[in-house]
Amino acid sequence: MTRATIPVLGTPLLATSYADLREEVLSSGGQGRPVVVDFANTQIVTMRRHDPGFARLTECIDLTAPDGMPLVWAMNARGAGLKDRVYGPTFTREFLASCPAGKTHYLVGGSQECGRRFRERMTALNPSLNFVGSTHGFCSAEGVLEDDEAVLREIREKRPDFIWVGLGTPKQYGWINRIKPQLDYGILLAVGFAFDVNAGMKPDAPMWMQSMGLTWVYRMASEPRRLIGRYLKWNTLFLWYWMRDAPKGRKMGDRR
């Protein structure tokens, strides 16, 4: 399948929609090679541009969807013609709600309570969902779980079709980067905040704020101590890099 991508700060972002990415995910992940799907916001693409170590850590990613509206606007400035982002929490919920029976799922991340609520809510949307395992323990800054070997062993034994990873940045990328070479099957989806939102553990921004690219403002106001420094740093750097790169940008199909 030919995938249209547009680079933003060097990260190739899929020019896709919720429906198209759903079909892409369902058709990927055959025997012999797992596939990693990421949902990148401005922080992620800026970290990849700014931090060589993080860039190397995320080389394991195969498909990257634009998770934030600023990325959609940047892509549209180069001819993408997108109407909406592909927001990780929304994709997770909608994908699980319509996932075909017979597919299996494994959860990595969140608290025990978060995992329990997430499974209950998603199963209420789609009773045919089959969660074959999960882990919700401590994860180090390097992406090493406290029960890492046991988790890998269980995943290799149960061979879930989809491994949903909600460890946050950069932990989830560290874990996926180490685990991917040890697997020969399945789709790993780096979904970050999706467990908390869909489990009802944390509120999400109202739709009018999401459509205006202000999800980060809502989250920063909800958790100022944890997020204000992060968002101010990475959003500022994103704007700086984008303005510096803008004159070099090309529209889709422009081969000059």
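Quick notes
- Residue match in segment 121-133 (condition: in contact (Cβ under 8 Å) with a residue 40 or more places away in the chain and among the hydrophobic types (A, V, I, L, M, F, W, C)): yes
- Positions within segment 122-166 being within 14 Å of THR92 (Cβ to Cβ) and over 20 Å from the mean Cα position of the chain (by Cα), in sequence order: THR123, LEU125, ASN126, LEU129
- Residue match in segment 47-66 (condition: touching an Asp or Glu at 6+ places or on another chain (Cβ under 7 Å) and part of a helix (DSSP H, G or I)): no
- Checklist (1) outside any helix (DSSP H, G or I); (2) at pLDDT below 95; (3) closer than 21 Å to MET69 by Cα applied to ALA141, failing item: (3)
- Per-region count, segment 98-138, residues out of contact with any strand residue (DSSP E or B) (no Cβ under 9 Å at 6 or more places or on another chain) and either in a loop (DSSP other than H, G, I, E, B) or closer than 23 Å to ASP20 by Cα (or both): 7
- Unmet requirement for SER17, which otherwise passes all of (1) modelled with pLDDT under 95; (2) within 16 Å of the chain's Cα centre (by Cα): (1)
- Selection of segment 205-256 for residues being among the β-branched types (Val, Ile, Thr), surrounded by 12 or more Cβ atoms within 10 Å (Cβ to Cβ) and either modelled with pLDDT of 85 or more or over 20 Å from ALA194 (Cβ atoms) (or both) yields only ILE228.
- Residue in segment 31-38 that is buried (at least 16 other Cβ atoms within 10 Å of the Cβ) and under 24 Å from LEU239 (Cβ atoms) present: yes
- Of the listed requirements (1) at pLDDT below 95; (2) in a helix (DSSP H, G or I); (3) crowded, with 19+ Cβ neighbours inside 10 Å, GLU24 misses just one: (3).
- Yes/no for PRO70 being modelled with pLDDT under 95 and either assigned to a helix (DSSP H, G or I) or loosely packed, with under 15 Cβ neighbours inside 10 Å (or both): yes
- ALA55 being touching a helix residue (DSSP H, G or I) at 6+ places or on another chain (Cβ under 8 Å), farther than 19 Å from ALA190 by Cβ and of a type in the set (A, V, I, L, M): no
The values are calculated or read from the model by the stated rules, or taken from the named source; none is laboratory data. Note that the structure is a prediction, hence the values are computed from the model and not measured. Note that each Cβ is placed from the backbone with ideal geometry, even for glycine, and that neighbours are counted across all protein chains shown.
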